[in-house]
Structure formats: C-alpha cells, structure tokens
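Each remark here refers to the structure printed beneath this line.
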Amino acid sequence: MVFRQADWVVLAAAFVGLGGLVAISELLRVRGWRPTTTRRFVHLGVGLFVVASPLLFSAAGPVYVLATAFVVINAGARRGSWLPGIHSARADSWGTVAMPLVLLLALATTWSVASDRTYILQGAFLVLGLADPLASWGGEKTGGREWIPGATVLGSGLFFGAAFLLTTGVLLEVGEWSAARAIGAATTVAVVTTAIEALGRHGWDNVFVVLGVILVLVPLHEERVSVVALLGASVVGMGFGALAYTSQGLDSRGAVAGGLFAFSLVGVGGWAWALPGFVFFVLSSALSRLRATFTTGADEEVAPRTLRQVLANGGVAWGLLAAFAVLPGRPLFLEACYLGFLGALAAAAADTWATELGVWGTGQPWSLRTGAPVPAGQSGAVSVGGTAAAAIGAVSVAAAAMLGGGGSVSISGETFLGIVGAGLVGMVTDSLAGAFLQARYRDSATGRVVEQPTAPDAVLLRGWRRIDNDVVNLLGTAAGALAALFVW
C-alpha cells in the first residue's frame, strides 16, 4: 500500500473532515432538521469527497485505509444506535456501511488496476452521491405513483436525468470520448443504475449503483464492447424484463432484475454467455408451467418468480460475469470466470429440472437426512428420476455453451462432462443443505411441518432461521461454480 509523506497529512485531515461532516449533521438535527435531510447531507458530502480523492492522494492506498476504517466505525454506530443524524431516519438501512464497503470494491476495479480508470471511480460516486439523494427526495416529496413496489415514477425519473447528465459531463471532461459516444454511454449508465436504484432495499443500492456504473464503463474504456452494442443490449434487457413480467414468469421486481441480467449477458458477455443464460431461464420457466398444468390442473396459476429467487439462482453466475467484465483480462482468469459461470448455471438448471420433473418419476424420493421416504418435491430429498432429470438440466446448459462457441474456452468432450458433473455437484449440495441446514417450522394453524411459516408464532423445529430455500439454492450454485473450477 503506497503512502507518501503528504498523504499522511491529507489522510489525517480527511478523518477530521469526514468526522466533522457527521458532527455537522448531528448539530443540524438538533436544530430541527429532519433526519432524512441530515442523512442525505452526509451522503452527498462523502460522495463528493470520493470524487475528489484522486486529486488529494498520490495513490489509492490511503483511500483504502479510510474506507476500511469507516466500514468498521459505521457498523459499530449502526449496531449501537449512535449518530441519529444518519441512522435514525432509516434504522433498518445498511447504507452507511455499504457506501465505504463499495468504495473498497470500486478502488480494486478502477484506480488500483490503472490510473486511467480513476474517472470511472469519480463518475460512479458522482451518480451515487448526487442522483441517489435526489431520487430519495423526489419519492419522499410526492409519495407518488410507484412503477414497481418502493420506486416512484418521479424519483426514478430524477435519478435517470441526474445520472445521465453527470455521466455525460464526466466522460466529456476526460477528453477521450466523442460527444456521441459519451451520450450513448451515459444513456446506458442511466438506464442500468435507475433500475438498480429502484430495486434497492436497506441501503444496499449504494453498492450496486456504483458497481453498475463500473460494469458499463470499464468494458467501454477497455474497448471490449461498443456503445452501440450496449445500447442494443439495454433494449434487449428491457424487452426481456417486459416479456418475463407479462408472461408472469417474474414479478415486477424480479422482471427488472431479470432485465438487468439479460443486459449483462448480451452486452458484456456476448453470445457465449447469453445463450446458456437464456436457455436456463426459458426452459426452467416452461418446466414450471408444465408441472403446474399436469399436476395441479390447467387453471392453477404458477406464482411468478421473485427478485430473491432470481438472485438465488443467478447471483453467482452474474457475479462471475461482472468479474470477467471489469477485472484485468488475463486469459486464465477469463477462462475461470466463464467455466465457473457455466457451473453455477448448470447447478441451477439441475436443481430446477430435478424439482419440476422429479415429481413424475416412479421412484419414491428419500430424505438425505433420515433415509425415509418423503413426498415428491420436498427439499433435502433425492430420487432416481429427479437425479436423471438433473443431469438433463445440466446437459442443457453445457450444450448451450457449446452452441454458443464457448467464448475463450474450447468446449471439448471432457469440458462438457465437467460442466454436467459440476451441475450435479451443485444439485447434491443443494439437497444436502436442504436436508441439514434449511429451516423447518411447525405451522401453528395446521400443525404441519413447513418450510415457510405462515404465522409469526411458528415453532422452529430444526435448521437455521436465516436459511430458506433461496439460500439453499445460492449455496448449490456456488458449489456448482467451485466444482467447475476444480475440474478445470
């Protein structure tokens, strides 16, 4: 970590200055300012400090120290209910912790990689520091019509406009971007970050807004993709989200997340990444509807998948795609990201196919925990038919990767089998976690053992309260990614 003598002085001054910013917010609160206003005041000040940090420090090292210190300080203050000027307005929010935390990630993918990426760091924190409070203010002032739960039309419109103008200004200031290219990039940034901000809960949009800016601008900066390609991918993403919502494959928040994932696959990854992703989603949705039609009746509606389910099944794969897009492009690293991505999708497909088709098998499922027969579809159980269906699901992802050309990876016969094997490892991990870790409750109304309690007084029988089926799916996809890397 690099420090020069002047950096120590600026570092000390920065601690004092940021502490003074918080102290001013407390004083304003005491004088009658609303906590929501004082919180935005601090948010804006911190954002502008990060924007100025490349001008204040000779290298990124001191900023890492500041960010780490404030992650710890803010986590302690939140836990102890200190500093009501920034915490009382949204007691359930982790935003004060998320902001310095994402600064660590942003530094690692911009300034620390190459000094010519620092403008991306500055643009990301300008959007977070200015557009985010503006959207919050707009939503609060109007209390108006929401386009998805928790996001107002006016608030999102203000965020979009601010993100577009700020990003355009930063890119034109760099001097290496033509006006047309800067406007196209800024439009993409505004679309992506507006969708992310609308989905944000409990302050974690602070993390993902910054990462969204970086995910768009780094590939453009490195000339891995074109502005036209990203604008086209934005249209594809919006179309995919709209189709998923109107067909009731995803609810409104899930559709926005699905559209963002589709944008990432098409615009950042390309055909080799997009085809396995779309194959997984389309076939999984079709199987869910098929199962509902033939096991519960044609008039039985299939519940749309939620944002949480999208992230549980696609979050690991999405994270590997993002790493591929923004980290230095060394060949072995890029191969690892792609194969881990396929392993995660193969695991998600294997679990989905086992669940949706396993109910039609003739063999009785048995619990991995007790060894006793259990009803079809219960978490933590396996069957011969379900395992065969899981293998077919994993094959569908591996075949899509082969048809897509495999990107920088040659999908040989051994690699194909490795992807399928990784999917099965993920499915088994999912089943083991469902059997031994997933929470089970006794429903107070019916007395039945259930995975999702319908009443707050449901009694936990076994497992961990925080581990539900979505967490189990996330563990399974992570295991699939790790298995693919191990085979590779």
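So, restricting to helices (runs of 4 or more DSSP H) that lie completely within the stretch 210-297, which ones have at least 2 residues that are surrounded by fewer than 17 Cβ atoms within 10 Å (Cβ to Cβ)? Spell out the reasoning first.
Working: elements: 227-246, 252-263, 271-296.
The helices (runs of 4 or more DSSP H) meeting that bar are 227-246, 271-296.
Of the conditions (1) surrounded by fewer than 16 Cβ atoms within 10 Å (Cβ to Cβ); (2) touching a residue at least 12 places away in the same chain (Cβ under 8 Å), Pro373 satisfies every one except a single condition; which number is it?
Only one criterion in (1) surrounded by fewer than 16 Cβ atoms within 10 Å (Cβ to Cβ); (2) touching a residue at least 12 places away in the same chain (Cβ under 8 Å) is unmet by Pro373, namely (2).
Could you check Asp7 against (1) in contact with a helix residue (DSSP H, G or I) (Cβ under 8 Å, 6 or more places away or on another chain); (2) surrounded by fewer than 14 Cβ atoms within 10 Å (Cβ to Cβ) and say which number it fails?
(2)
Using beta carbons and a limit of 8 Å, which pairs, at least six apart or on different chains, have the first residue in the stretch 393-409 and closer than 12 Å to Gly421 by Cα and in the same structural domain as Ala422 (by TED's automatic domain parsing) and the second one surrounded by fewer than 19 Cβ atoms within 10 Å (Cβ to Cβ) and not aliphatic (A, V, I, L, M)?
Ala398/Phe416
I'm trying to understand the selection: among the residues of the stretch 1-35, which are charged (D, E, K, R), under 20 Å from Gly85 (Cβ atoms) and in a helix (DSSP H, G or I)?
Let us first name the residues in the stretch 1-35 that are charged (D, E, K, R), namely 4, 7, 26, 29, 31, 34.
Within this subset, residues satisfying the condition of being under 20 Å from Gly85 (Cβ atoms) are 26, 29, 31, 34.
Within the stretch 1-35, Glu26, Arg29 qualify.
Please determine, by comparing only the residues of the stretch 450-470 that are outside any loop (DSSP other than H, G, I, E, B) and surrounded by 14 or more Cβ atoms within 10 Å (Cβ to Cβ), which one is modelled with the lowest pLDDT.
Let us first name the residues in the stretch 450-470 that are outside any loop (DSSP other than H, G, I, E, B), namely 450, 459-462, 464, 469-470.
Cutting the leftovers down to surrounded by 14 or more Cβ atoms within 10 Å (Cβ to Cβ) gives us 450, 469-470.
Numbers: Val450: 76, Asn469: 90, Asp470: 93.
Per the criteria, the residue is Val450.
If you take the residues in the stretch 431-444 that are among the hydrophobic types (A, V, I, L, M, F, W, C) and in a helix (DSSP H, G or I), which one is surrounded by the fewest Cβ atoms within 10 Å (Cβ to Cβ)? Let's see the steps before the verdict.
Just the residues of the stretch 431-444 that are among the hydrophobic types (A, V, I, L, M, F, W, C), to begin with: 432-433, 435-437, 439.
Next cut, in a helix (DSSP H, G or I) only: 432-433, 435-436.
Values: Leu432: 19, Ala433: 23, Ala435: 21, Phe436: 14.
For the stretch 431-444, the residue satisfying everything is Phe436.
Are any residues in the stretch 123-175 among the β-branched types (Val, Ile, Thr) and touching a residue at least 12 places away in the same chain (Cβ under 8 Å), and if so, which ones? Outline the logic, then answer.
Looking only at the stretch 123-175, we keep the residues that are among the β-branched types (Val, Ile, Thr), and these are 127, 142, 148, 152-153, 167-168, 170, 174.
Result: Val127, Thr142, Ile148, Thr152, Thr167, Thr168, Val170, Val174.
Is it the case that the stretch 380-401 has a residue that's under 23 Å from Arg305 (Cβ atoms), buried (at least 20 other Cβ atoms within 10 Å of the Cβ) and at pLDDT below 80?
yes
When the residues of the stretch 79-107 are filtered to those that are surrounded by fewer than 20 Cβ atoms within 10 Å (Cβ to Cβ) and at pLDDT 95 or above, which remaining residue is farthest from the chain's Cα centre (by Cα)?
Leu104
When the stretch 404-430 is examined, which residues are found to be over 27 Å from the mean Cα position of the chain (by Cα), farther than 14 Å from Phe341 by Cα and not in a loop (DSSP other than H, G, I, E, B)? Outline the logic, then answer.
Quick first cut of the stretch 404-430, residues over 27 Å from the mean Cα position of the chain (by Cα) only: 410-417.
Filter once more, so that each one left must be farther than 14 Å from Phe341 by Cα: 410, 412-414, 417.
Residues satisfying the conditions are Gly413, Glu414, Leu417.
Examine the stretch 283-291 for a residue that is under 22 Å from Ala479 (Cβ atoms), outside the structural domain of Ala185 (by TED's automatic domain parsing) and either modelled with pLDDT of 95 or more or hydrophobic (A, V, I, L, M, F, W, C) (or both), and state whether such a residue exists.
From the stretch 283-291, those under 22 Å from Ala479 (Cβ atoms) are 283-284, 287; that's our starting set.
Next, from what is left, pick out any that are outside the structural domain of Ala185 (by TED's automatic domain parsing): 283-284, 287.
Next cut, either modelled with pLDDT of 95 or more or hydrophobic (A, V, I, L, M, F, W, C) (or both) only: 283, 287.
Checking the stretch 283-291: at least one residue is under 22 Å from Ala479 (Cβ atoms), outside the structural domain of Ala185 (by TED's automatic domain parsing) and either modelled with pLDDT of 95 or more or hydrophobic (A, V, I, L, M, F, W, C) (or both).
Residue-wise test of (1) closer than 22 Å to Ala162 by Cβ; (2) at pLDDT 95 or above; (3) of a type in the set (Gly, Ala, Ser).
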| position | (1), (2), (3) |
| --- | --- |
| Ala23 | no, no, yes |
| Arg31 | no, no, no |
| Thr37 | yes, no, no |
| Ala77 | no, no, yes |
| Arg117 | no, yes, no |
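With respect to the numbered conditions (1) farther than 24 Å from Leu103 by Cα; (2) hydrophobic (A, V, I, L, M, F, W, C); (3) modelled with pLDDT under 95, which one is the sole condition not fulfilled by Leu231?
Failed condition: (3).
Out of the residues in the stretch 16-32 that are more than 19 Å from Gly129 (Cβ to Cβ) and of a type outside the set (Gly, Ala, Ser), state the one that is surrounded by the fewest Cβ atoms within 10 Å (Cβ to Cβ).
Selected residue: Arg31.
Would you be able to tell me the number of residues in the stretch 41-62 that are more than 15 Å from Gly129 (Cβ to Cβ), aliphatic (A, V, I, L, M) and either in a helix (DSSP H, G or I) or not assigned by TED's automatic domain parsing to the domain that holds Ala23 (or both)?
2
Can you tell me which of Phe333, Phe324 is under 21 Å from the mean Cα position of the chain (by Cα), modelled with pLDDT under 95 and either surrounded by fewer than 17 Cβ atoms within 10 Å (Cβ to Cβ) or not assigned by TED's automatic domain parsing to the domain that holds Ala478 (or both)?
Result of the check over Phe333, Phe324: Phe333.
The values are calculated or read from the model by the stated rules, or taken from the named source; none is laboratory data. Computed from a prediction, not measured in an experiment: that's the story for all the values here. Glycine gets a Cβ as well: all are built from the backbone with ideal geometry, and neighbour counts include every protein chain shown.
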